[in-house]
C-alpha cells in the first residue's frame, strides 16, 4: 500500500461519517448501495420460474460477482476496523468487531454461498438460499434515522411488552374458548387450540382471510367480542408510540435549550 | 412448624414484594411461574388429537401433579394470608381473602378438576376442562405494570364506555337497515337482524372474513359507509388512550416533582 | 289535573335534569329506558323467522303497548314543553319544540306505526317497519357525555372534512384506474367504476371481504399501493381526534383555572 | 375588451382569493365547480355498460361541452396569469405558469381528448380515456385546508419515509421467507417472491382478501407474526401524524401570540 492509500484513508472511505464526505467515500458507498439494491432485485426476480430459466447464467454471474464484492468488503472492513477507537487492539479489537451487529450482517450475507459448496442436500441449499435475503440488512448501515424509532422502542419497552402480553393473553383465552365452542361444528378448521390460535391472530389483527370463522351463534358472539377487542390491540400500541414520540421531541428540545453555544465562537458553553 | 419456617416467613416467600427478595422466594416463584407456563402449554397441546392419544398418561400425570401443586399453594396461601394487614382476622380475614381476585383465580384453577369427579356428563366435563384455561390468569400476580393500563382505563372509563355505546349504536342501526336491504337478495346469509349483526361486527372492526357481504347496489352503498365509519371506531378509542397515557405521564411527573427527597439521607422532605 | 300534578311538576318528572332527581322522575325514566331497550330487543328478535312465527301475538301486543306508551309520552312532552324557557309561547313554542331533534326522534318512533295503517303496499310497510329502529335514538336523551365527542367533532370539523375529501379523492382515482386495469381480466367483478369503488372501499378501510381483488400484476401493484394508502386513512383521523381530545382537555382545565370560586360561599368570583 | 372587463378584472374573477369575492367570481367558480363535479359523475357513470349504451349522444355532447369549457378556461388563465406577481413577464412568465401544478392539471384535463383524435389505436384511446379522471384534480384549487396536512407531511417527511422503509423491509424479509416456507405446499399461490409480496401487503395492511394465506404450521406461525407486525405499521405513522399535528397547532398558536394587532385599528404591531 502506498502512502496515499493508507489504512486510515481506506477506513474513512468505507465508514459513513456525519461530516464532509470525500469523493472516494461517496463513490464507494454509491457502488455498495447499488450492489445491495441489485442483489435484492436479483433475489426477488430469481424466484420467478420463467426468469430463473431464461437468465440462468446471468443470475449465476451476478451471484459470483456479489459474493466476491461483499467478501472483499468484509475483509477490508476487518483490516481497517482497528482505526476505530472501539476496536483498537490488532487481534481482540478485530474479534470484537466480528461480533458487532454490522459485521455479523456482512458475514451472513456471504456465508450461505460458501456453505452451500460443502453440501449437496437440496433442502439445506434451499434454506441457505433463503438466508441471502439478509443482504437486505446491509442497508441498515445507512439508516441513521432508525435511531429515533429505536430510542422510542427502548424508552417504552415496558409498555410495549405489556401490551404484547395483553395480546397473548387475549389470544390464548379467546382461542381456547373458541376451540371448545366451535370444535364440534367445524372439526376440521377448529381442530385444536393451536389451529384456533390461527383464527385468533387473523381476527384480533383484523386481517380476516376468511379461511376460519365461527358458524355457531355462541362462536359468532365470542368472535364479535374478540374482533372488538382487536381494536384495543391497535389503540394501545398507538397510544404508547404517540406518547413516546412526544416525550422524545420534548426531551430533544430540552437538550437543545440546556445546551448553549457561544454566539461568537460557536463553542459549547458549560 | 419449626421456628425457621414460621407463618410470617412462608408469607414472605409466597408474596411478590417490591423490596429485596429472598432466595427461597425467588425459587418458589420461579417454580410457580414454570408450572403455570407448562400448564398453558399442556392445555394447548392436549387439544391436538394426535398428541392427546400418544401421551395419554403423560397429560394425566401432569394434570394430577398440577392440581396437587396448586391445591397446596391455595391452602398455604389461605393459611398465611392473615399476615397481611388487610386480612388480619383469623376467620373473617381468611373469608375476605377467599373472595379477593387473586384467591378466586387460584380457586378457579383447581375447582374444575374436583368438580369433574362428581359428574359423568361429558358435556359438563368439556366445559369444566375449558375452565382450566383460567390457570393462565394466575400469571396476573406477576404483571405489576398492568397497573398503568388499568389506571388509564379507569381514568378514561366514561369516554371508553361512550365510544363503546357509539359502536353499539352504529352496529345496531346499520345491521337493522342492512337486514331490510339485503334480506331478499341473500335470504340465507342476511336471514335476521342477529345474523346481520355478525356482518356488522366483521365490517366495523375491518375483519371482513368474506362469509357475509352485501351484493345489492344499495347494500354495497351502506356497507361502504359502515366500513368508513369503522375507521372512526378505531380512531376514537386510540385518541382516548393517547390522551389518557399523556395525562398519566404528566401527573406522574408532577408527583415526582412535588415529592422531594433529601439528597443526603434519601428521606422524603415534607 | 290536581295541584299535586301541575304541568311544572310533570315537566320536572319527564326532563332529565342534572340536579337532584325526584323519585317520580327516576321511576319514569327507568320505565322509559326499559321500554326503549325492550323495543330494541323486540325489533331484533322479530327479524328471526322462528321467533316471529312462534310469538306472533306477543310481538303484536308489545308493539301496541309501545306505541301507546310512546304516543302518550309524546303528547305529554308537547303539553309540558312550554315550561322550558326556550319554548315558552303556547303555540309557537310548541311548534318550535316539535321541530327540535328530541321531538322529531320521538315522532319518528311512533309515526311508522300509524302510517302503516293507511297503506296495504307490503314494500312500503317493510320500509315503515325499518323506521322503528329509530326508536333506538330515543336513548340519545340520556347520553350527556356524547357532548365531548360532539365538541371535538365540531372543533376539528374542517380537518375531518378534509381527510374525508382526501379519502374520496384516493377512492375515486384508484377505483377509476383499477377499473381500466382489471376490467378485461375480470369483466364481471370490475364491471364498471361504481362496481370497482366497492373494491376500493373494502381495500382502503382494510375490510377485504375477498369478493373483489385484482389478479393482474399491474392490478396487484395498484391494489398494494391503495392498501398501504389505507393505513394513512386510519392514521389521519386518529391524529385529528387525538389533537382534538388534547385541546379539549387543556381548554377545560384552563376554564377551571380561570373560573374561580369563593372558598367561603362557593359563589363564582368575577 | 372593454374597460369593464380588463385583464386584471378577469384575473380577479378566475382566481380564488381569500378576501371579499365579487359576484362574478362567485358565479364563475360555482359554474366551474359544478362542471368538474358533473364530469366526475359522467366519467363514473360512463363506465356502466347499460348507461353508456342508452345515453351515447348525451355523454358525447357533455364531453364536447366540457372540453370546450375547460379549453377556454385554460387559454383565459394563460392570458391573465401575468397579473400575478410570480408570472409577470409576458412570455417567460406564461411559460413558467404553464409548468405550475395548477396549469399542468388543467392541461392534463383536456389533452387526452385532443390526443385521441390523432390515433385509432383502441388501447391508447382506453388509456387516454383513463386520464380524464385527472379532471378531479381540478378540485385541488379549492382545497385550501390541504395545506395543514401538506405541512405536517413536510415537517415529518423524514419519519414518514423511515416508517415506509421499515414497512418495505418487513414486507420483503417476510415475503421472501414465506415464499421458501409455503412454495412447496401451495406452488400456485406462493409461486414466486413477487407473488408472495401480494400476500405480504394484504396481511401487513390487514386487508386479508383471503386469496392467499399460509396453510403449513410454520407458514401460519410466520403469518401470525407478520399480522401482529402489521399493527405496528398502523401505530407508527399514526404516532408520527399525531405529533406532527400537535407541533403544528402549538407553533400556529405561538405565531398568533407573537404577532399582535392594535385593538383599535387592527394593524399589526411590531
On a C-alpha basis, how far is the centre of segment B:57-71 from the centre of segment A:89-155 in Å? Whole number, if you could?
45
Report, as an integer, the average count of C-beta atoms from other chains found within 10 Å of each Cβ along D:166-172.
3
Normalised per residue, the volume inside the convex hull of the alpha-carbon atoms of segment D:43-96 in Å³ amounts to 87
For the residue B:50, residue C:56 Cβ pair and Förster radius 60 Å, calculated FRET efficiency rounded to 0.05 is 0.70
Looking at segment B:160-259 from every direction and averaging, what is the projected area of its Cα convex hull in nm²?
7.0
What's the ranking of A:104-111, A:90-97 by average number of surrounding C-beta atoms within 10 Å, highest first?
A:104-111, A:90-97
Evaluate the Debye formula for the protein assembly as shown with equal point scatterers sitting on the alpha carbons, no solvent, and hand back log10 of I(q)/I(0) at q = 0.05, 0.08 Å⁻¹, in q order, two decimals.
-0.44, -1.17
Inter-copy distances for residue C:150, label 7 Å out on the Cα-Cβ vector, sorted ascending, nm, one decimal, are 3.6, 3.6, 5.1
Round to the nearest 10 and give me the degree value, 0 to 90, for the angle of helix C:193-204's Cα axis relative to the longest principal axis of chain C.
70
Sites residue D:142 and residue A:157, calculated FRET efficiency, Cβ-Cβ separation with R0 45 Å, nearest 0.05:
0.45
Over all residues in A:209-222, what is the mean tally of Cβ atoms on other chains that come within 10 Å of each residue's Cβ?
5
Measuring from the longest principal axis of the C-alpha atoms of chain D, the long axis of helix D:217-258 (C-alpha) lies at a number of degrees, nearest 10, equal to 30
Of every Cα-Cα pair in segment A:69-143, the percentage lying beyond 19 Å is 43
With label points built 7 Å along Cα→Cβ from the Cα atoms of residue A:168 and residue C:218, find their separation and express it in nm.
4.8
Quick check: the angle from helix D:56-80's long axis to the longest principal axis of chain D, C-alpha only, nearest 10 degrees?
60
Give the relative contact order (percent, whole number) for segment C:3-143; include only Cα pairs under 8 Å separated by 6+ residues.
25
Just order D:225-235, C:167-177 by mean Cβ neighbour count inside 10 Å, highest at the front, would you?
D:225-235, C:167-177
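Per residue of D:198-204, count partner chain C-beta atoms within 10 Å of its C-beta, then hand back the mean as an integer.
Neighbouring Cβ atoms belonging to other protein chains average 6 per residue here.
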If you average 1/r across every pair of different Cα atoms in segment A:1-140 and take the reciprocal, what Kirkwood value do you get, in Å?
16.6
Kindly give the semi-axes, whole Å and largest first, of the ellipsoid equivalent to chain D, taking each as the square root of 5 times a Cα gyration tensor eigenvalue.
46, 33, 16
At residue C:88 and residue C:115, where each label point lies 7 Å from the Cα along Cα→Cβ, what is the point-to-point distance in nanometres?
3.6
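Given a Förster distance of 60 Å, report the FRET efficiency between residue C:37 and residue A:21 from their Cβ-Cβ distance, rounded to the nearest 0.05. Working shown, then result.
Values: r = 71 Å, r/R0 = 1.18.
According to the calculation, E is roughly 0.25.
Each reported figure results from applying straightforward, stated rules to the coordinates on display, with no laboratory input. These numbers come from a predicted model, not from an experiment. Methodologically, a virtual Cβ is constructed for each residue, glycine included, from the backbone with ideal geometry; neighbour enumeration extends over all protein chains shown.
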